[in-house]
Amino acid sequence: MELCEGLQVLQDRGFIQQCTDLEGLNNAMKAAPITFYVGVDPTGPSIHVGHMVPVFALAHLKRSGHKPVLLLGGGTARIGDPSGKTEMRKMLTYEDINENVQSIQKQLSAVVTMDGKNGWFVNNADWLANLNYIDFLREIGVHFSVNRMLTFEAYKKRMETGLTFIEFNYQLLQSYDYLELYRRKKCTLQIGGDDQWGNIVAGIDLVRREEKAEVFGLTFPLITRADGKKMGKSEQGAIFLDPTMCSVYDFYQYWRNVDDRDVEKFLKLFTFLSLDEIKTICAPDADINKAKEVLAWEYTKLIHGKEKADEAIAAAKAAFGGDGQGDLEAMPSIEIAESEFEAGINIMDLFARTSLCASKSEARRLVSQGGAIVNDEKITDIDFIVKAGAVKDGNIILKAGKKRFFRVIVK
RNA sequence: GGGGAGAUUCCCGAGUGGUCAAAGGGGGCAGACUGUAAAUCUGUUGGCGAUGCCUUCGUAGGUUCAAAUCCUUCUCUCCCCA
């Protein structure tokens with residue numbers, strides 16, 4: 001089967017896990033541009049890189065002429081999706097959800113443009129929030145078989161640990177979203193992570209029953225890392241797009257440090273470099289570290305802009321280059337008054353004030369284990385006092401181990 | 001509604017009156033090795049200038065010289081029965 005441009009791109013880049021009817025979808029997409037949607041539930045103030053696969057897929061399809069609807073789940077977030085979770089998520093207040101919708105839409109607007117003619121942001125709170133319970137049950141609820149729902153993997157898993165009725169309803173709401181988007185925008189494709197498979201096919205069934213229409217579903221593989229750790233989780237926490245929750249430098253470093261085995265996969269998923277370029281970058285005789293730099297820079301540029309990406313790469317070069325030269329701008333930092341250094345600051349106190357150490361005890365451990373470095377000088381004495389003499393060009397560079405850097409700006 | 005089991009430090013999970021800041025594993029951090037990778041080995045992993053003190057074993061009380069461990073209240077979870 002010859003795939004249309006949009007599907008071919010997704011296929012080549014590793015986005016496709018399963019499709020309800022690839023041939024049918026392909027024919028539909030060849031015949032005319034289609035409208036498709038992907039949902040993001042606003043469960044936090046910022047999305048993180050784990051959310052980004054669908055966004056990239058959306059961007060690729062948009063590039064090949066199809067019309068995206070990016071659905072923000074302001075309504076569904078009031079319920080909470082049990083799919084793939086072992087326990088119930090904490091319930092969010094309506095206020096928090098609304099704020100999350102605002103901030104996430106802002107974040108996503110920077111990555112994909114929705115002009116309101118060929119692409120839209122929608123919030124399902126618009127049609128879910130004021131549903132009438134009885135009407136909903138009579139119109140929508142009748143189409144759902146509890147017996148069948150219980151056979152879904154997402155629920156089966158929860159049979160062990162417990163599942164509440166509110167969560168059990170989630171699938172009906174997401175299915176209703178699909179129906180609503182079909183009615184409003186003739187949306188005929190829903191894409192999402194593979195954990196959404198059950199919700200997606202349920203929606204397709206609902207559209208078929210209510211509208212006698214055939215619509216499609218397509219899922220992406222759940223992206224894992226070669227070392228088996230969860231995608232987008234660093235030791236500090238999730239890699240958020242919001243620079244106040246995850247500095248641009250840390251964002252860059254996360255990708256700069258990915259496992260060798262993941263580089264090519266991530267270049268395909270998280271950048272728009274052509275497959276030829278990626279092939280060259282990842283050739284067996286090419287420098288793998290160069291490839292990681294490309295990945296990190298490209299992705300950082302996409303999210304934070306070229307200027308910030310350049311700063312991050314410069315900061316990394318300064319930190320790891322060895323000569324201490326380069327731009328320190330993007331390195332995480334704090335400001336400390338010069339007068340404090342006149343008096344002298346104890347090494348443990350200094351580290352504890354940075355994000356390098358969470359507590360003084362941690363700083364003590366770091367120092368006594370030989371991981372504390374001030375301006376390239378290893379300090380192992382916990383009584384060491386950092387004085388004004390350590391300030392160079394208004395900075396003191398702290399290192400915790402070999403990879404974690406911090407800049408103290410002395411004012 | 002009735003009966004049973006359970007809630008432990010970041011996670012899983014031992015611990016059933018003092019020797020428990022709490023085994024073991026995972027994860028994290030650091031050291032060695034290296035390529036800012038992986039794998040491996042070692043150390044470390046609540047807070048505090050500390051051979052001690054403070055906070056932590058679902059919540060609130062109580063018994064005791066002493067409680068994660070015993071009693072009572074409450075909250076929540078799971079299982080069986082209705």
In sequence order, calculated HN-Hα J values of region A:262-274 (Karplus, 6.51, -1.76, 1.60; Hz; x Gly/Pro): 9, 4, 5, 4, 5, 4, 5, 7, 10, 9, 9, 4, 5
Report the label-to-label distance for A:Ala283 and A:Thr93 in nanometres (one decimal), using points 7 Å from each Cα along the Cα→Cβ vector. 5.9
Out of A:Arg184, A:Arg13, A:Arg63, any idea which swings most in a Gaussian network model of chain A, alpha carbons joined below 10 Å? A:Arg184
For region A:327-384 (alpha-carbon point model, no solvent) the Debye-based log₁₀ I(q)/I(0) at q = 0.15, 0.26 Å⁻¹ works out to -0.45, -1.17
From the backbone phi of region A:333-342, what are the Karplus-calculated ³J(HN,Hα) couplings (6.51 cos²θ - 1.76 cosθ + 1.60, θ = phi - 60°) in whole Hz, Gly and Pro given as x? 8, 9, 10, 10, 5, 4, 4, 5, 7, 4
Extending each Cα 7 Å along its Cβ direction at A:Gln102 and A:Glu2, get the distance between those two points in nm, one decimal. 5.1
Name the residues whose placed amide hydrogens come within less than 5 Å of the amide hydrogen of A:Asn395, ignoring near sequence neighbours (fewer than 5 apart) on the same chain. A:Val410
Quick one: what do you get for chain A if you divide its Cα Rg by 2.2 N^0.38 Å? 1.15
Residues with amide H under 5 Å of A:Lys67's amide H, sequence separation 5 or more or different chain, H placed in the peptide plane at 1.01 Å from N; which? A:Ile34, A:Thr35, A:Phe36
Using r as the Cβ-Cβ distance of A:Leu273 and A:Ala32, and R0 as 25 Å, what FRET efficiency do you calculate, to the nearest 0.05? 0.30
Multiply the residue separation of A:Asp227 and A:Asn132 by 0.36 nm, subtract the distance between their alpha-carbon atoms, and state the gained length in nm to one decimal. 29.5 nm
Report the label-to-label distance for A:Ala213 and A:Glu23 in nanometres (one decimal), using points 7 Å from each Cα along the Cα→Cβ vector. 2.4
Give me, ordered by chain and number, the residues 5 or more places off A:Val122 or on other chains with an amide H under 5 Å from its own placed amide H. A:Leu70, A:Leu71, A:Leu72
With runs of 4+ DSSP H residues as the only contributors, calculate the mean residue ellipticity of chain A at 222 nm using -39,500 (n - 2.57) per run, divided by the residue total and rounded to the nearest 500. -13000 deg cm²/dmol
Given N residues in region A:261-411, what is its alpha carbon radius of gyration divided by 2.2 N^0.38 Å? 1.25
Take every Cα pair under 8 Å in region A:333-410 that's 6+ residues apart, average their separations, divide by the length, and report that relative contact order as a whole percent. 37
From zero up to wherever the largest Cα-Cα distance of region A:183-293 sits, split into 10 Å bins and tell me the percent of pairs in each. 12, 30, 27, 20, 10, 1
In order through region A:177-192: 3J(HN,Hα) via Karplus (6.51 cos²θ - 1.76 cosθ + 1.60), integer Hz, x for Gly, Pro: 4, 4, 4, 4, 6, 5, 5, 7, 10, 6, 6, 10, 8, 10, 10, x
Going through A:Lys106/A:Lys292; A:Lys62/A:Lys308; A:Lys67/A:Lys117 one by one, the pairs whose alpha carbons sit over 19 Å apart turn out to be A:Lys106/A:Lys292; A:Lys62/A:Lys308
Explain nothing, just the number: relative contact order of chain A, from Cα pairs under 8 Å at least 6 residues apart, as a whole percent. 14
What's the carbon and sulfur percent of region A:333-410's accessible surface, probe 1.4 angstrom, rounded to a whole number? 45
Excluding ligands, DNA and RNA, what is the solvent-accessible area per residue of region A:327-411 at a probe of 1.4 Å, expressed in Å²? 53
Percent RCO, i.e. relative contact order, over region A:5-220, from Cα pairs under 8 Å lying at least 6 residues apart: 29
Within the accessible area of region A:234-320 (1.4 Å probe), percent carbon and sulfur: 51
For q = 0.08, 0.09, 0.11 Å⁻¹, what log10 I(q)/I(0) does region A:5-220 give under the Debye formula with an equal point scatterer on each alpha carbon and no solvent? -0.26, -0.33, -0.50
For chain A, share of DSSP beta bridges that run antiparallel, in % to the nearest 5: 50
Radius of gyration and Dmax for region A:234-320's Cα atoms, expressed in Å? 12.5, 38
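The values are calculated or read from the model by the stated rules, or taken from the named source; none is laboratory data. What you are looking at is a predicted structure, and each value in this text was computed from that prediction instead of being measured. Ideal geometry is used to build each Cβ from the backbone, glycine not excepted, and the neighbour counts take in all protein chains shown. Just the protein is used for accessible areas: all its heavy atoms, side chains included, with ligands, DNA and RNA removed. Shrake-Rupley method; radii C 1.70, N 1.55, O 1.52, S 1.80 Å.
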